[in-house]
2 protein chains.
Amino acid sequence: MKRRDFLRTAGAGLAASTLAAPAIAQTMPKVKWRLTATWPKSLDTLYGSCEDFAKRVAESTDNNFQVQVFAGGEIVPGLQVLDAVQNGTVEMGHTAGYYYWGKDPSFGFATAVPFGLNARLQNAWLLRGEGGALLDGLFADFGVHGIPMGNTGAQMGGWFRKEIKTVDDMKGLKFRIGGFAGNVINKLGVVPQQLAPGDIYPALEKGTLDATEWIGPYDDEKLGFYKVAKYYYYPGWWEGAATGHLFINRNKWDSLSKSYQAIVTAAAADAAAGATAKYDDVNPPALKRLIANGTQLRAFSPEIMEASYKAAIATYDDIGKKNARFKKIHDSMMAFRDTCYSWWQVCELTFDAFQVKMLGRS
Amino acid sequence: MKRRDFLRTAGAGLAASTLAAPAIAQTMPKVKWRLTATWPKSLDTLYGSCEDFAKRVAESTDNNFQVQVFAGGEIVPGLQVLDAVQNGTVEMGHTAGYYYWGKDPSFGFATAVPFGLNARLQNAWLLRGEGGALLDGLFADFGVHGIPMGNTGAQMGGWFRKEIKTVDDMKGLKFRIGGFAGNVINKLGVVPQQLAPGDIYPALEKGTLDATEWIGPYDDEKLGFYKVAKYYYYPGWWEGAATGHLFINRNKWDSLSKSYQAIVTAAAADAAAGATAKYDDVNPPALKRLIANGTQLRAFSPEIMEASYKAAIATYDDIGKKNARFKKIHDSMMAFRDTCYSWWQVCELTFDAFQVKMLGRS
């Protein structure tokens with residue numbers, strides 16, 4: 001709760017000495033910011049949350065604080081949002097922290113790490129557990145203020161041209177999968193590939209790519225992968241929930257009044273809730289359509305899941321030895337995970353399991 | 001999105017004709033409202049969310065919009081919040097819609113109904129599905145504007161003095177359970193009891209009460225039930241997730257500027273996310289403490305769960321025949337539930353199940 005009471009005090013002094021008109025300037029100054037998103041406009045789930053955010057900020061300030069939203073590539077390449085915010089090219093951006101894991105692997109914990117938290121627990125760890133403060137320290141080192149904004153829920157494991165049943169089937173598999181998870185799955189013999197979204201479909205079609213992961217039914221359906229790779233695997237154990245972040249240039253954030261900071265924070269929370277709700281609303285019917293179009297659902301086998309789990313732990317250990325902050329954040333998240341799932345297995349998940357059991361019976 | 005552009009237009013005209021000072025009054029008028037909560041202060045989860053909300057509204061408006069929060073009973077009895085807001089005794093209140101199911105059983109859907117939705121799906125149905133608009137119609141009939149604010153997650157089935165294994169064990173059981181769920185469980189032979197929170201513990205201790213449900217580990221622990229009823233059953237199938245609502249007197253809501261309406265809406269979303277995160281943060285360690293203090297966890301048997309499910313369906317059918325709105329909202333929620341769980345059983349729940357399977361292995 002970085003309060004900046006000195007700003008308010010200074011502002012109040014100014015208002016007292018210069019009467020009514022400057023008081024308007026103090027409470028509702030005209031601010032025009034640019035928000036650059038990682039997402040293309042076609043990703044209406046995530047890009048839409050940025051528009052929701054901007055709309056709420058404008059409404060809350062009688063249009064005095066305006067945020068103009070740009071899609072990835074319009075003014076900044078999609079994967080350079082953090083850099084653009086850090087160096088002040090734009091005031092704010094919306095992206096996923098884990099895209100910047102090359103700068104510091106600790107960024108992974110902002111979004112999702114293999115066998116980490118589900119959406120509600122990621123929220124809880126960020127908002128009420130230790131996660132928020134731990135990541136604040138990381139973000140400060142990169143000159144940004146970060147606010148969680150939107151979670152996709154558990155993501156799918158992706159589209160595979162052939163069935164994979166054993167770890168042996170994974171060896172040599174050319175799988176389009178990003179960053180940290182690519183590093184983990186490489187330990188199973190997979191050859192991670194980095195392709196821009198537009199290049200994935202043709203590569204899968206030609207067979208120069210064996211598999212790709214993306215997000216979930218609604219977003220994946222638009223890219224048409226089901227037409228060229230019919231096996232749709234689950235769960236995406238590297239993204240049990242992926243959280244987006246609103247990053248704000250630290251100096252720009254500090255220049256805002258306390259009321260504008262509060263408005264931005266609340267508008268982000270509102271957009272965050274809307275984003276997850278949208279995913280939960282649009283994914284289920286999209287899955288039905290995909291199945292109607294011939295998609296074959298497949299679970300990763302226990303062998304593959306357990307080998308992946310071991311590979312993840314080995315990766316965490318390796319990095320943790322070299323990076324104390326990574327180890328500290330990792331240990332916090334995993335302790336939170338284990339405590340929470342001990343409770344969830346009792347109540348949340350038995351409720352859910354019963355609801356699944358009764359599907360079709362009423 | 002009930003826009004009230006005429007208000008803004010009127011305000012702008014006023015500002016233009018009278019220059020600077022009234023423009024302040026238009027954008028940031030002094031507003032002082034009272035919020036009466038159902039909850040005692042000791043229920044720091046739910047009562048705390050009201051304080052979070054009030055704080056965010058004040059911060060967002062440079063303290064011009066102040067909401068004073070009152071605990072249940074301070075100015076209005078805890079279960080008369082809706083009435084007090086409707087008749088304008090207070091401007092706003094925080095409560096659970098289902099307490100008012102006697103006015104119209106459709107109020108149950110605002111909070112939780114037996115075998116309804118889990119927390120994320122309840123949010124999705126309210127924010128992006130049909131639930132929001134359907135309930136808006138109900139709330140309008142009672143002169144209030146409603147905004148979802150906070151969800152407890154799945155609740156426990158409660159504290160029982162003796163083990164219950166079969167439906168026969170339920171017969172004649174004096175169980176403190178409220179409203180709609182009491183009506184359902186009565187079909188299994190349970191005799192629902194209504195007791196004020198302070199009366200539950202002594203009744204359990206004396207044995208004039210056989211069992212009580214409340215919320216979950218953190219809130220339940222404070223009332224000490226584990227000392228007099230050691231079997232703690234799960235899941236609370238009548239509350240797979242319970243959503244609180246901020247109710248605002250309709251005329252008072254309409255009197256707010258569009259910017260104040262936006263600030264209230266976003267502050268409620270922010271407080272809502274914080275409330276669920278708090279539950280997810282504090283319940284797991286509370287459960288550990290309860291177990292360390294001798295609490296015995298027990299799952300409701302499949303026989304009891306399935307009999308309860310049938311009793312719930314029979315209750316829905318009965319009410320639906322007499323109440324078209326109830327039937328319409330019920331059908332919407334249950335269709336949403338079935339579509340969503342068809343997707344959740346694929347991805348969300350297999351991720352969660354694997355995490356539970358690996359507990360203790362890293």
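At pLDDT 95 or above and under 26 Å from A:P284 (Cβ atoms): which single residue out of B:V356, B:V282, B:V264 fits that description?
Numbers: B:V282 fails: under 26 Å from A:P284 (Cβ atoms); B:V264 fails: under 26 Å from A:P284 (Cβ atoms).
None of the other options fit; the residue is B:V356.
Filter the stretch A:273-299 down to residues that are of a type in the set (D, E, K, R) and over 24 Å from A:L127 (Cα atoms), then give me how many there are.
We begin by selecting, within the stretch A:273-299, every residue of a type in the set (D, E, K, R); these are A:278, A:280-281, A:288-289, A:298.
Retained after the next criterion (residues that are over 24 Å from A:L127 (Cα atoms)): A:288-289, A:298.
So the count comes out to 3.
Within the stretch B:105-117, identify whether any single residue is open to solvent by 20 Å² or more (accessible area, probe 1.4 Å) and in a helix (DSSP H, G or I), and answer yes or no. Lay out the reasoning, then the answer.
Let us first name the residues in the stretch B:105-117 that are open to solvent by 20 Å² or more (accessible area, probe 1.4 Å), namely B:105.
When the remaining residues are screened for being in a helix (DSSP H, G or I), the result is B:105.
For the stretch B:105-117, residues open to solvent by 20 Å² or more (accessible area, probe 1.4 Å) and in a helix (DSSP H, G or I): present.
Restricting attention to the stretch A:289-297, does a residue exist that is surrounded by fewer than 22 Cβ atoms within 10 Å (Cβ to Cβ), free of Cβ contacts under 8 Å to residues at least 12 places away in the same chain, among the aliphatic types (A, V, I, L, M) and farther than 30 Å from B:N63 by Cα?
Yes, the stretch A:289-297 has at least one match.
Please go through (1) more than 7 Å from every other protein chain (Cβ to nearest Cβ); (2) of a type in the set (F, W, Y); (3) under 30 Å from B:D52 (Cβ atoms) for A:W343 and return the number of the only condition it doesn't satisfy.
Condition (1) is where A:W343 drops out.
Rundown of residues vs (1) more than 18 Å from the chain's Cα centre (by Cα); (2) at pLDDT below 95, yes/no style:
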position	(1), (2)
A:A12	yes, yes
A:A20	yes, yes
A:M28	yes, yes
A:V67	yes, no
A:L79	no, yes
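What helices (runs of 4 or more DSSP H), lying completely within the stretch B:164-271, carry at least 3 residues that are open to solvent by 10 Å² or more (accessible area, probe 1.4 Å) and touching a residue at least 40 places away in the same chain (Cβ under 8 Å)?
Per the criteria, B:179-185, B:217-223, B:250-255.
Within the stretch B:123-134, how many residues are within 13 Å of A:V282 (Cα to Cα) and under 17 Å from the mean Cα position of the chain (by Cα)?
Our first condition is that a residue be within 13 Å of A:V282 (Cα to Cα); within the stretch B:123-134, this holds for B:124-125, B:127-130.
In the following step, the residues that additionally are under 17 Å from the mean Cα position of the chain (by Cα) were identified as B:124-125, B:127.
Count: 3.
When B:L290 is evaluated against the numbered criteria (1) more than 10 Å from chain A (Cβ to nearest Cβ); (2) hydrophobic (A, V, I, L, M, F, W, C); (3) not in a helix (DSSP H, G or I), which criterion, by number, is the only one it fails?
Failed condition: (3).
Output the residue which, of all residues in the stretch B:272-285 that are under 17 Å from B:F53 (Cα atoms) and free of Cβ contacts under 8 Å to residues at least 40 places away in the same chain, is least open to solvent (accessible area, probe 1.4 Å).
Start the filter on the stretch B:272-285 by keeping residues that are under 17 Å from B:F53 (Cα atoms), which leaves B:272-279.
Then drop every residue that is not free of Cβ contacts under 8 Å to residues at least 40 places away in the same chain, which leaves B:273, B:277.
Working: B:A273: 34, B:A277: 3 Å².
Taking the candidates together, the pick is B:A277.
I'd like the residue in the stretch B:22-76 that is under 18 Å from B:V264 (Cα atoms) and among the β-branched types (V, I, T) and, out of all such residues, is farthest from the other protein chains (Cβ to nearest Cβ).
Per the criteria, the residue is B:T36.
Kindly indicate whether B:G137 is open to solvent by 10 Å² or more (accessible area, probe 1.4 Å) and more than 15 Å from the chain's Cα centre (by Cα). Write out each step before concluding.
Working: open to solvent by 10 Å² or more (accessible area, probe 1.4 Å): yes; more than 15 Å from the chain's Cα centre (by Cα): yes.
Criteria met by B:G137.
I'm checking my understanding of the structure. Among residues of the stretch B:224-262 that are aliphatic (A, V, I, L, M) and out of contact with any helix residue (DSSP H, G or I) (no Cβ under 6 Å at 6 or more places or on another chain), which one is nearest to the other protein chains (Cβ to nearest Cβ)?
Of the residues in the stretch B:224-262, the ones aliphatic (A, V, I, L, M) are B:228-229, B:241-242, B:246, B:248, B:256, B:262.
Filter once more, so that each one left must be out of contact with any helix residue (DSSP H, G or I) (no Cβ under 6 Å at 6 or more places or on another chain): B:248, B:256.
Values: B:I248: 16, B:L256: 12 Å.
Out of the qualifying residues, it is B:L256.
Tally up the residues in the stretch B:78-92 that are outside any loop (DSSP other than H, G, I, E, B) and either open to solvent by 50 Å² or more (accessible area, probe 1.4 Å) or not β-branched (V, I, T) (or both), please. Full working, then the answer.
So in the stretch B:78-92, the residues outside any loop (DSSP other than H, G, I, E, B) come out as B:78-86, B:92.
With either open to solvent by 50 Å² or more (accessible area, probe 1.4 Å) or not β-branched (V, I, T) (or both) added as a condition, the list becomes B:78-80, B:82-84, B:86, B:92.
Looking only at that region, the number is 8.
Residues that are in contact with a Ser or Thr (Cβ under 9 Å, 6 or more places away or on another chain), at pLDDT 95 or above and aromatic (F, W, Y): does the stretch B:328-337 have at least one? First the steps, then the outcome.
Filtering the stretch B:328-337 down to residues in contact with a Ser or Thr (Cβ under 9 Å, 6 or more places away or on another chain) leaves B:328-330, B:334.
When the remaining residues are screened for being at pLDDT 95 or above, the result is B:328-330, B:334.
So of that shortlist, the ones also aromatic (F, W, Y) come out as none.
Scanning the stretch B:328-337 turns up no residue that is in contact with a Ser or Thr (Cβ under 9 Å, 6 or more places away or on another chain), at pLDDT 95 or above and aromatic (F, W, Y).
Scan (1) more than 8 Å from chain A (Cβ to nearest Cβ); (2) hydrophobic (A, V, I, L, M, F, W, C); (3) not in a helix (DSSP H, G or I) for the single condition B:L359 breaks and write down its number.
Evaluating B:L359 over (1) more than 8 Å from chain A (Cβ to nearest Cβ); (2) hydrophobic (A, V, I, L, M, F, W, C); (3) not in a helix (DSSP H, G or I) leaves (1) as the failure.
Tally up the residues in the stretch A:323-362 that are without any contact (Cβ under 8 Å) to a residue 24 or more places away in the chain, among the charged types (D, E, K, R) and crowded, with 20+ Cβ neighbours inside 10 Å, please.
2
Tell me whether the stretch A:150-158 contains one or more residues that are open to solvent by less than 20 Å² (accessible area, probe 1.4 Å), modelled with pLDDT of 95 or more and away from chain B (no Cβ under 14 Å). If you could, list the steps in order and put the result at the bottom.
Looking only at the stretch A:150-158, we keep the residues that are open to solvent by less than 20 Å² (accessible area, probe 1.4 Å), and these are A:150-158.
Subset that is modelled with pLDDT of 95 or more: A:150-158.
With the extra rule that they be away from chain B (no Cβ under 14 Å), the set shrinks to none.
Taking every residue of the stretch A:150-158 in turn, none turns out to be open to solvent by less than 20 Å² (accessible area, probe 1.4 Å), modelled with pLDDT of 95 or more and away from chain B (no Cβ under 14 Å).
Condition test on A:T36, is it surrounded by 21 or more Cβ atoms within 10 Å (Cβ to Cβ) and either free of Cβ contacts under 8 Å to residues at least 24 places away in the same chain or under 20 Å from A:G143 (Cβ atoms) (or both)?
Details: surrounded by 21 or more Cβ atoms within 10 Å (Cβ to Cβ): yes; either free of Cβ contacts under 8 Å to residues at least 24 places away in the same chain or under 20 Å from A:G143 (Cβ atoms) (or both): yes.
Yes: the conditions hold for A:T36.
With respect to A:T95, determine if the residue is touching a Leu at 6+ places or on another chain (Cβ under 7 Å) and either more than 14 Å from chain B (Cβ to nearest Cβ) or open to solvent by less than 50 Å² (accessible area, probe 1.4 Å) (or both).
Details: touching a Leu at 6+ places or on another chain (Cβ under 7 Å): yes; either more than 14 Å from chain B (Cβ to nearest Cβ) or open to solvent by less than 50 Å² (accessible area, probe 1.4 Å) (or both): yes.
For A:T95, the condition - touching a Leu at 6+ places or on another chain (Cβ under 7 Å) and either more than 14 Å from chain B (Cβ to nearest Cβ) or open to solvent by less than 50 Å² (accessible area, probe 1.4 Å) (or both) - is met.
The values are calculated or read from the model by the stated rules, or taken from the named source; none is laboratory data. Bear in mind that the values here come from a model prediction, so they are computed numbers and not experimental data. As a convention, Cβ positions derive from the backbone with ideal geometry for all residues, glycine included, and neighbour counts pool all protein chains shown. All accessible areas refer to the heavy atoms of the entire protein, side chains included, with ligands and DNA or RNA removed. Shrake-Rupley method; radii C 1.70, N 1.55, O 1.52, S 1.80 Å.
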